[in-house]
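Chemist: The following block contains the structure, expressed as structure tokens.
The values are calculated or read from the model by the stated rules, or taken from the named source; none is laboratory data. Just so we're clear, the structure is a prediction, and the values are computed from it rather than from any experiment. Here the Cβ positions follow ideal geometry from the backbone for every residue, glycine too, while neighbour counts run over all protein chains shown. Accessible surface is based on the protein model in full, side chains and every heavy atom, while ligands, DNA and RNA are left aside. Shrake-Rupley method; radii C 1.70, N 1.55, O 1.52, S 1.80 Å.
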Amino acid sequence: MERSEKEALITELRERIDRAPALYLTDFTGLNVKSMTRLRRSLRKSGAEYVVVKNRLARRAFQETAGMPDVSGTFEGATGLVFGYEDAVATAKALSDFAKEHDQRPTVKLGIMDRKVLDAAQVARLASLPPREQLLAELA
């Protein structure tokens, strides 16, 4: 990959990071191509996107994004990025449901919501929340 291509990829990643209110970093070890395709489809339905890039490029994109916490230690091993563009809870729920059906894969390394780091347990709690419509109905 040429230097200009890497710089363009980093710029694209920074734009996605800025656009997504919720991000999840996952370890996709053990998933085959067919499973990854199913995961991408299920995430797309919840308004999210799953991207796999080199750790070095992702680390640099996060470092260059203003206001992002330092998560550079997380980029070790196989790391996939989930960009939740619409509903953070629906994205976490889609990840959790997929993992339950596929031997707990992918595993969530951490989440970032509104520029704050969430550990794997907090992401799991987020995924266990009832749907937005149900919460609004309970509130009313």
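Chemist: Among the residues of the range 115-136, which ones are touching a helix residue (DSSP H, G or I) at 6+ places or on another chain (Cβ under 6 Å) and assigned to a loop (DSSP other than H, G, I, E, B)?
Modeler: To start, the set of residues in the range 115-136 that are touching a helix residue (DSSP H, G or I) at 6+ places or on another chain (Cβ under 6 Å) comprises 123, 126-127, 129.
Of everything in the range 115-136, just one residue is touching a helix residue (DSSP H, G or I) at 6+ places or on another chain (Cβ under 6 Å) and assigned to a loop (DSSP other than H, G, I, E, B), namely Leu129.
Chemist: Report yes if some residue within the range 97-114 is within 29 Å of Pro130 (Cα to Cα), among the basic types (Lys, Arg), part of a strand (DSSP E or B) and open to solvent by 10 Å² or more (accessible area, probe 1.4 Å); otherwise report no. I'd like the intermediate steps shown before the answer.
Modeler: Taking the range 97-114 as the starting set, the residues that turn out to be within 29 Å of Pro130 (Cα to Cα) are 97-114.
Narrowing further to those that are among the basic types (Lys, Arg): 100, 105, 109.
Now drop any that are not part of a strand (DSSP E or B), which leaves 109.
The next check asks that each one be open to solvent by 10 Å² or more (accessible area, probe 1.4 Å); those that pass are 109.
Yes, the range 97-114 contains a residue that is within 29 Å of Pro130 (Cα to Cα), among the basic types (Lys, Arg), part of a strand (DSSP E or B) and open to solvent by 10 Å² or more (accessible area, probe 1.4 Å).
Chemist: Specify the residue that is modelled with the lowest pLDDT; the eligible residues are those in the range 117-140 that are open to solvent by less than 80 Å² (accessible area, probe 1.4 Å) and among the small types (Gly, Ala, Ser).
Modeler: The qualifying residue modelled with the lowest pLDDT is Ala137.
Chemist: Go through the range 40-69 residue by residue and tally those that are within 23 Å of Met1 (Cα to Cα), in a helix (DSSP H, G or I) and open to solvent by less than 20 Å² (accessible area, probe 1.4 Å).
Modeler: Final tally of qualifying residues: 4.
Chemist: Another question about this same structure. Pairs please, first residue from the range 114-140 and over 26 Å from Ile17 (Cβ atoms), second anywhere and open to solvent by 90 Å² or more (accessible area, probe 1.4 Å), Cβ atoms under 9 Å, 6+ apart in sequence or on different chains.
Modeler: Pro130/Glu138
Chemist: Please work out if Ala8 is touching a helix residue (DSSP H, G or I) at 6+ places or on another chain (Cβ under 6 Å) and either touching a residue at least 60 places away in the same chain (Cβ under 8 Å) or of a type in the set (Gly, Ala, Ser) (or both). Give the steps one after another, and end with the answer.
Modeler: Numbers: touching a helix residue (DSSP H, G or I) at 6+ places or on another chain (Cβ under 6 Å): no; either touching a residue at least 60 places away in the same chain (Cβ under 8 Å) or of a type in the set (Gly, Ala, Ser) (or both): yes.
For Ala8, the condition - touching a helix residue (DSSP H, G or I) at 6+ places or on another chain (Cβ under 6 Å) and either touching a residue at least 60 places away in the same chain (Cβ under 8 Å) or of a type in the set (Gly, Ala, Ser) (or both) - is not met.
Chemist: Moving on. Looking at the structure I just gave you, is Glu76 among the acidic types (Asp, Glu), free of Cβ contacts under 8 Å to residues at least 24 places away in the same chain and open to solvent by 20 Å² or more (accessible area, probe 1.4 Å)?
Modeler: So Glu76 passes the test.
Chemist: If I ask for residues that are open to solvent by 80 Å² or more (accessible area, probe 1.4 Å) and in a helix (DSSP H, G or I), which ones from the range 13-39 would you list?
Modeler: Glu15, Asp18, Arg19, Val33, Lys34, Arg38 - these are the residues of the range 13-39 that are open to solvent by 80 Å² or more (accessible area, probe 1.4 Å) and in a helix (DSSP H, G or I).
Chemist: Go through Arg60, Arg41 for me and flag whichever is of a type in the set (D, E, K, R) and within 24 Å of Arg132 (Cβ to Cβ).
Modeler: On the way: Arg60 fails: within 24 Å of Arg132 (Cβ to Cβ).
After applying the criteria, what remains is Arg41.
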